[in-house]
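Encoded as structure tokens, the structure appears first; notes follow it.
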Amino acid sequence: MKKFALACALAVAAATSAHAATTTMKSGPSESWTVTNYYKQAVYDPKESKIGDIDDVLVDKSGKITGLVLGVGGFLGVGEKDVIIPFTAVKTAKKNDKWWLTVDETKDTLKDAPGFKYDKASTTWVPEKK
């Protein structure tokens with residue numbers, strides 16, 4: 001009987017946690033933005049010259065966006081270098097119904113910044129080896 005009671009308690013706990021995991025929200029969280037406002041978007045310097053495109057959005061374990069991987073330099077993806085900029089460095093505005101992202105950097109200063117490569121094994125961005 002004790003084994004049966006223990007099995008029932010475990011089944012109820014499993015069902016309760018499974019139900020909690022599939023509960024949906026009744027409305028979207030207020031003050032939330034979608035990652036698509038950033039991912040694959042062009043980034044410009046203060047003079048409105050294109051610097052590059054955002055290749056990835058970095059999120060910490062609490063869900064906070066901490067950085068953006070920005071592809072700079074190169075032509076049509078050849079010779080491009082990925083750098084990481086702090087999320088707080090990006091300024092956003094809406095222009096012609098499109099997100100307009102700027103940073104207080106130039107393409108040349110970002111080309112001199114440390115480069116990163118995506119490591120598939122660890123699923124993280126690691127410094128490029130020179």
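The values are calculated or read from the model by the stated rules, or taken from the named source; none is laboratory data. Just so it is clear, the structure is predicted and the values come from calculations on it, not from any experiment. Here the Cβ is made from the backbone with ideal geometry for all residues, glycine too, and neighbour counts use every protein chain on show. In case anyone asks, the SASA skips ligands and DNA or RNA and just uses the protein heavy atoms, side chains included. Shrake-Rupley method; radii C 1.70, N 1.55, O 1.52, S 1.80 Å.
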Select from the stretch 37-69 the residues that are open to solvent by less than 90 Å² (accessible area, probe 1.4 Å) and aromatic (Phe, Trp, Tyr) and write down the one among them that is farthest from the chain's Cα centre (by Cα). 44
Of the numbered conditions (1) among the β-branched types (Val, Ile, Thr); (2) surrounded by fewer than 17 Cβ atoms within 10 Å (Cβ to Cβ); (3) within 12 Å of residue 38 (Cβ to Cβ), residue 123 fails exactly one; give the number of that condition. (3)
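Which residues, counting only those in the stretch 89-106, are outside any strand (DSSP E or B) and exposed (fewer than 10 other Cβ atoms within 10 Å of the Cβ)? If you could, list the steps in order and put the result at the bottom.
Within the stretch 89-106, the first condition is being outside any strand (DSSP E or B), and the residues that meet it are 89-90, 96-97, 103-106.
Matches in the stretch 89-106: 96, 97.
Quick one: is residue 109 among the β-branched types (Val, Ile, Thr), assigned to a strand (DSSP E or B) and either more than 16 Å from the chain's Cα centre (by Cα) or loosely packed, with under 15 Cβ neighbours inside 10 Å (or both)? Spell out how you get there, then give the answer.
Values: among the β-branched types (Val, Ile, Thr): yes; assigned to a strand (DSSP E or B): no; either more than 16 Å from the chain's Cα centre (by Cα) or loosely packed, with under 15 Cβ neighbours inside 10 Å (or both): yes.
Considered against the rule, which asks whether it is among the β-branched types (Val, Ile, Thr), assigned to a strand (DSSP E or B) and either more than 16 Å from the chain's Cα centre (by Cα) or loosely packed, with under 15 Cβ neighbours inside 10 Å (or both), residue 109 comes out as no.
Applying the selection to the stretch 30-77, what residues are of a type in the set (D, E, K, R) and not in a strand (DSSP E or B)? It would help to see each step written out before you state the result.
Within the stretch 30-77, the subset of a type in the set (D, E, K, R) is 31, 40, 45, 47-48, 50, 53, 55-56, 60-61, 64.
Those that are of a type in the set (D, E, K, R) and not in a strand (DSSP E or B): 31, 40, 45, 47, 48, 60, 61, 64.
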